[in-house]
Amino acid sequence: FDGERGLAVGAYGAILASDDGGVRWQVARAKDVSVALLGASIRNGRCLAVGQGGAMVVSDDCRQWQSLAPVTEARLMAVSLNRHQLAVAVGAFGTVLRSHDNGHHWEALSLDWMQLNPDGFEPHLYDVHVADDGLITLVGEAGLVLRSADGANWQVLHHGGPSLFGLSVAGSRAVAVGQAGMVLASDDGGNTWRTQTTCTSDLLTGVW
């Protein structure tokens, strides 16, 4: 959601949009997209969605959707768009894509995983947040939390433990969730993280 406007995506290219806080939903679909859409973002009336096989769809009004030529064949798990047209999508095997025009054109970012991941492999990345100041935060396998201000230089903020699948950042508060009931929390915008005690060992896949 962005204010009263909401977006939901799912199996077989399904897209739903709401203008009234989720009371009513309209069905939309991008032409020639039949794979599952796994992540979506809405900002300033513009919408993005990503999914299986590198699928990417974009809309400037969240009604009429355009399917883009894939930049990658990797499964894309999540996408985030800020109010200044900067978007970042993340996915399997360390895939990170960036757009400077609300998701119409994309470039692949090259991360040095031998330096960023102490376990020495390209981790699956499951969620991402792009702040309005351009700060990028992403989460993934083995409790990995990464941050970058420019998409070129990255800092490891957390590593180790269960994989993280969901991320939410609102002002100075940030929360990430994952396997085995894992919840990480931050009160300084994601600079430092602490483990929160939960009442479950279930898999947590999303947080808001």
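The values are calculated or read from the model by the stated rules, or taken from the named source; none is laboratory data. Keep in mind that this is a model prediction, so the values were computed, not measured. So basically every Cβ, Gly included, is an ideal-geometry build from the backbone, and we count neighbours across all protein chains shown. Heads up: the accessible areas ignore ligands, DNA and RNA and are worked out on the full protein's heavy atoms, side chains in. Shrake-Rupley method; radii C 1.70, N 1.55, O 1.52, S 1.80 Å.
Structure summary
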| quantity | calculated |
| --- | --- |
| Inter-residue pairs, beta-carbon under 9 Å, first closer than 21 Å to residue 146 by Cα and in the stretch 182-205, second among the acidic types (Asp, Glu), 6+ apart | 194/187 |
| Every residue from the stretch 75-84 that is farther than 21 Å from residue 35 by Cα and touching a Ser or Thr at 6+ places or on another chain (Cβ under 8 Å) | 81 |
| Condition met for residue 197 (in contact with a strand residue (DSSP E or B) (Cβ under 9 Å, 6 or more places away or on another chain), hydroxyl-bearing (Ser, Thr, Tyr), under 23 Å from residue 88 (Cα atoms) and not in a strand (DSSP E or B)) | no |
| Residue in the stretch 117-131 that is within 15 Å of the chain's Cα centre (by Cα) and of a type in the set (S, T, N, Q) present | no |
| Residues of the stretch 104-130 classified as within 18 Å of residue 167 (Cβ to Cβ), in a loop (DSSP other than H, G, I, E, B) and not polar (S, T, N, Q), total | 4 |
| Lone qualifier among 189, 171, 143, 181 - being modelled with pLDDT of 95 or more and either surrounded by fewer than 20 Cβ atoms within 10 Å (Cβ to Cβ) or at negative phi (or both) | 181 |
| Residues of the stretch 65-108 satisfying the condition of being more than 17 Å from residue 146 (Cα to Cα), out of contact with any Asp or Glu (no Cβ under 7 Å at 6 or more places or on another chain), in contact (Cβ under 8 Å) with a residue 24 or more places away in the chain and open to solvent by 20 Å² or more (accessible area, probe 1.4 Å) | 65, 66, 68, 71, 72, 75, 86, 104, 106, 107 |
| Filtered residues of the stretch 162-181 (kept if under 17 Å from residue 147 (Cβ atoms) and outside any strand (DSSP E or B)) | 171, 172 |
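Rundown of residues vs (1) assigned to a strand (DSSP E or B); (2) at pLDDT below 95, yes/no style:
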site	(1), (2)
8	yes, no
20	no, no
23	no, no
27	yes, yes
33	no, yes
39	yes, no
42	yes, no
47	yes, no
50	yes, no
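A quick yes/no check of all residues on (1) more than 22 Å from residue 83 (Cα to Cα); (2) loosely packed, with under 11 Cβ neighbours inside 10 Å; (3) not polar (S, T, N, Q):
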residue: 4; (1), (2), (3): no, no, yes
residue: 10; (1), (2), (3): yes, no, yes
residue: 13; (1), (2), (3): yes, no, yes
residue: 18; (1), (2), (3): no, no, no
residue: 21; (1), (2), (3): no, no, yes
residue: 28; (1), (2), (3): yes, no, yes
residue: 33; (1), (2), (3): yes, no, yes
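Conditions (1) under 26 Å from residue 2 (Cα atoms); (2) more than 15 Å from the chain's Cα centre (by Cα), marked per residue:
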| position | (1), (2) |
| --- | --- |
| 136 | yes, no |
| 143 | no, yes |
| 149 | yes, yes |
| 156 | no, yes |
| 194 | no, yes |
| 203 | no, yes |
